[in-house]
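Some notes on the structure that comes next.
The values are calculated or read from the model by the stated rules, or taken from the named source; none is laboratory data. Computed from a prediction, not measured in an experiment: that's the story for all the values here. Because the Cβ atoms are built from the backbone with ideal geometry, glycine has one as well, and the counts that use them run over all protein chains shown. Accessible surface is based on the protein model in full, side chains and every heavy atom, while ligands, DNA and RNA are left aside. Shrake-Rupley method; radii C 1.70, N 1.55, O 1.52, S 1.80 Å.
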Amino acid sequence: MISRSLADGIQILRIDRPEKKNALTGAMYAALAEALEEGNTDDAIRCHLICGHPGAFTAGNDIADFLKYGVGGDAGDRPSGRFLKALVMNDKPLVAAVDGLAVGVGTTLLMHCDMIFASRQAVFKAPFVDLGLVPEAGSTLIGPKLMGNQWAFELLCLGETFDAERAEKAGLVNHVVDGDVEAAALDCARKIAGKPPAALAAARRLLKGDRDALLACIETETEIFTERLTAPETIATFEAFMGKKT
């Protein structure tokens, strides 16, 4: 459900579960984490490109699968926790091509990308507070730095839906593409793959800044997120959601 291919120094990671709007399961998180981890030591990989399918980048967590991992155990040992750490520790440039839904982690993971291309059909939404939860993936640290406090609040706390143009205006997206968004992202990835790798890696590290601070933020978010899973308002929200699905 995560397909991987490598050509011209670009590892393409495709979220490949279109029948479920590319909702992410634990196994899919683990596969994404493994691909990023392996890329750190594979000189053949010069750049990652993450994409989905027309109409769905990802709808976020598969709720039924997520609830299996949601409570109990060490949160950092969950597949989603491994993926978030892999995003922070990723040493290779990461490009995203977004078409259609980018919900929850589908939006917050983009804050770790270096270049983001969106089609005009792209829709960004982070409904964590509406579910009784808190934002994750380090978005409470990256979001205000990337977009400013007001834009970050609107996206991450108010839970407003951003279309592609609004996401570009907020600074979440680099380019809105009228044509083939994946082709545009791939063209950018090729340019990145052609750069001197050591110089690019050094420059990227300088731009990314302190990894320890970001890892600490993710740990704090995860602790609060996990606590919120047992809060009465959160339980009621999930029960209502699952009731609509059955």
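If you go through segment 161-183 and keep only what is among the aliphatic types (A, V, I, L, M) and either open to solvent by 30 Å² or more (accessible area, probe 1.4 Å) or touching a Lys or Arg at 6+ places or on another chain (Cβ under 8 Å) (or both), you end up with 164, 176, 177, 183. Among residues that are open to solvent by 10 Å² or more (accessible area, probe 1.4 Å), among the β-branched types (Val, Ile, Thr) and in contact with a Ser or Thr (Cβ under 7 Å, 6 or more places away or on another chain), residue 12 is included.
Could you say whether any residue in segment 139-160 is out of contact with any Leu (no Cβ under 6 Å at 6 or more places or on another chain), over 30 Å from residue 229 (Cβ atoms), of a type in the set (A, V, I, L, M, F, W, C) and surrounded by 21 or more Cβ atoms within 10 Å (Cβ to Cβ)? No; the residues of segment 139-160 include none that is out of contact with any Leu (no Cβ under 6 Å at 6 or more places or on another chain), over 30 Å from residue 229 (Cβ atoms), of a type in the set (A, V, I, L, M, F, W, C) and surrounded by 21 or more Cβ atoms within 10 Å (Cβ to Cβ).
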